[in-house]
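Below is one structure, written out as structure tokens, with a few remarks after it.
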Amino acid sequence: MASSTGEVPTSAGFDYDRLSELKAFDESKTGVKGLVDAGIVEIPRIFIEPPENTMKPAENGDTQFIFPIIDLREIDGDPIRRKQAVDEVRKASETWGFFEVINHGVPASTLEEMLEGVRRFYDQDPEVKKKMYIRDKTRKVIHYSNFDLYSSRAANWRDSIFCLMAPDPPQPQELPHVLRDILMEYSKQTMKLGFSLFGLLSEALGLSPNHLKDMECAEGLGLTCHYYPPCPQPELTLGTSKHADGNFITVLLQDQIGGLQVLHKDQWVDVPPMPGALVINIGDLLQLISNDRFKSVEHRVLVNRRGPRVSVAGSFSTGFFPSSPRLYGPIKELLSEENTPKYREITVREYSAHFIAKGLDGTSALLHFRL
Ligand code: OGA
Ligand code: NI
């Protein structure tokens, strides 16, 4: 979700000059936080979602579904614990496409400091942030509001900083100084956890532990720090519209505010904030190479009068090295007469171009590549 789009913006279908309002917002370079800091009490209409998108699920409040939480303690030392974790990862990846991990090895202090770093960045003087506000896909570090601002039907109540951390990290001085050290540390820890997760996911598919790593799934990491300011009219807009992720997996750190929901059995289910936990979800590329065994599931973020809410999405993908000629298709070892390939082979570049052009419109980018 990193890049900006090159599309021609449109006002078609709106009874106002949407393009001018989008441009005015973008050119202010102060993002959604700038609106909130200015004290607005009504949200600008560019943010208003069609009502069917913001409807809350029926207030049942009970725990009809138990969101999967997987304990990674001792998975490298104890074969029984490992088998249990592999089984749980398989089950969650096949049904929810989402799970939370605890005892994952990333120190709680690193998680806390990472969230704090994002808050520090946004608490800076607007003039400092404006200098970094830029829509340029070729940069490794950018700050912007809504990567698909000009192509989506409604802007999201969210500002973001994207940093491409692997395989070629930016020069430290390219990173905002208020979160430079913690970004480097958090990235290192996330890479380590990613390696471990791709091992578990490979075994969960019945493959050798290195299979997904050998396919370079763990090589590229982009970190997007999201900042969701408090919203005066939360029922009219969304923090992030319904979408599935266009990568292999996402490792998501969220604070305690809540708002992330996953679509499970046709219902929006809260992904419960839990101190010290990380949320893992399967992206489209892993669904594709697993031939639909693991599910890339749609999710969204509701906004809140309380806030800001802060999250950091670590995206494992090779889409960041656009020249990679490597083709990804359903893994041969998983195919059989009963399980024939459901997708054609594609480069991540081809996939990413389609994902970005399409924007977060609620449909799956995978459909385009289905056989
Ligand atoms: C994403 C995403 C959720 C969140 O970045 O793809 O779904 O809680 N983020 O910010
Ligand atoms: Ni997502």
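The values are calculated or read from the model by the stated rules, or taken from the named source; none is laboratory data. In this text, all values refer to a predicted model and were calculated from it rather than measured experimentally. Don't worry about glycine lacking a Cβ; one is built from the backbone with ideal geometry, like all the others, and counts go over all protein chains shown.
What's the total number of residues in region 229-270 that are β-branched (Val, Ile, Thr) and near ligand 1 (Cβ under 10 Å from one of its atoms)? It would help to see each step written out before you state the result.
Restricting attention to region 229-270, the residues satisfying the condition of being β-branched (Val, Ile, Thr) are 237, 240, 249-251, 257, 262, 269.
Cutting the leftovers down to near ligand 1 (Cβ under 10 Å from one of its atoms) gives us 240, 250, 257, 262.
Matching residues across region 229-270 total 4.
Checked against (1) touching a residue at least 24 places away in the same chain (Cβ under 8 Å); (2) part of a loop (DSSP other than H, G, I, E, B); (3) within 13 Å of ligand 1 (Cβ to nearest atom); (4) touching a Gly at 6+ places or on another chain (Cβ under 8 Å), Pro273 passes all but condition (1).
Applying the set (1) within 16 Å of ligand 1 (Cβ to nearest atom); (2) modelled with pLDDT of 95 or more; (3) closer than 24 Å to His354 by Cβ to Leu22 leaves exactly one unmet item: (1).
Here Asp266 meets each of (1) in contact (Cβ under 8 Å) with a residue 12 or more places away in the chain; (2) within 21 Å of Gly97 (Cα to Cα); (3) of a type in the set (Asp, Glu) with one exception, condition (1).
Look through region 289-302, keep the residues that are part of a loop (DSSP other than H, G, I, E, B) and within 15 Å of ligand 2 (Cβ to nearest atom), and return whichever of them is surrounded by the most Cβ atoms within 10 Å (Cβ to Cβ). Step through it out loud before you land on a result.
Taking region 289-302 first, the residues part of a loop (DSSP other than H, G, I, E, B) are 290-298, 302.
Adding the requirement that they be within 15 Å of ligand 2 (Cβ to nearest atom) leaves 295-298, 302.
On the way: Lys295: 20, Ser296: 29, Val297: 19, Glu298: 20, Leu302: 22.
By that ranking, first place goes to Ser296.
Picking from residues in region 188-228 that are in contact (Cβ under 8 Å) with a residue 60 or more places away in the chain, more than 16 Å from Phe294 (Cα to Cα) and of a type in the set (Gly, Ala, Ser), the one that is nearest to ligand 1 (Cβ to nearest atom) is Gly222. Answer yes or no: is there a residue in region 118-141 that is modelled with pLDDT of 95 or more, under 16 Å from Leu252 (Cβ atoms) and crowded, with 21+ Cβ neighbours inside 10 Å. Yes, region 118-141 contains a residue that is modelled with pLDDT of 95 or more, under 16 Å from Leu252 (Cβ atoms) and crowded, with 21+ Cβ neighbours inside 10 Å. The helices (runs of 4 or more DSSP H) falling completely within region 55-172 that include 1 or more residues that are hydroxyl-bearing (Ser, Thr, Tyr) map to 79-95, 108-122.
Residue count for region 87-116 under the criterion of being touching a Ser or Thr at 6+ places or on another chain (Cβ under 9 Å) and either among the hydroxyl-bearing types (Ser, Thr, Tyr) or modelled with pLDDT under 95 (or both): the result is 1.
Would you check which residues across region 265-282 are surrounded by fewer than 22 Cβ atoms within 10 Å (Cβ to Cβ) and in contact with a Ser or Thr (Cβ under 8 Å, 6 or more places away or on another chain) and list them? Correct list: empty. Residue pairs whose Cβ atoms lie under 6 Å apart, sitting 6 or more positions apart in sequence or on different chains, and linking a residue in region 20-35 that is touching a residue at least 40 places away in the same chain (Cβ under 8 Å) to a partner that is in a helix (DSSP H, G or I) and not aliphatic (A, V, I, L, M), are Lys29/Lys130; Thr30/Pro126; Lys33/Tyr122; Gly34/Ser28.
The residue that is nearest to the chain's Cα centre (by Cα), among those in region 76-134 that are basic (Lys, Arg) and closer than 20 Å to Arg309 by Cβ, is Arg119. Just to check your reading of the model, which residue among Ile257, Ile280, Ile289 is within 16 Å of the chain's Cα centre (by Cα) and modelled with pLDDT of 95 or more? Step by step, each of Ile257, Ile280, Ile289 is checked, and only Ile280 is within 16 Å of the chain's Cα centre (by Cα) and modelled with pLDDT of 95 or more.
Taking the conditions exactly as written (crowded, with 18+ Cβ neighbours inside 10 Å and in contact with a His (Cβ under 7 Å, 6 or more places away or on another chain)), does Ser151 satisfy them or not? Spell out how you get there, then give the answer.
On the way: crowded, with 18+ Cβ neighbours inside 10 Å: yes; in contact with a His (Cβ under 7 Å, 6 or more places away or on another chain): no.
For Ser151, the condition - crowded, with 18+ Cβ neighbours inside 10 Å and in contact with a His (Cβ under 7 Å, 6 or more places away or on another chain) - is not met.
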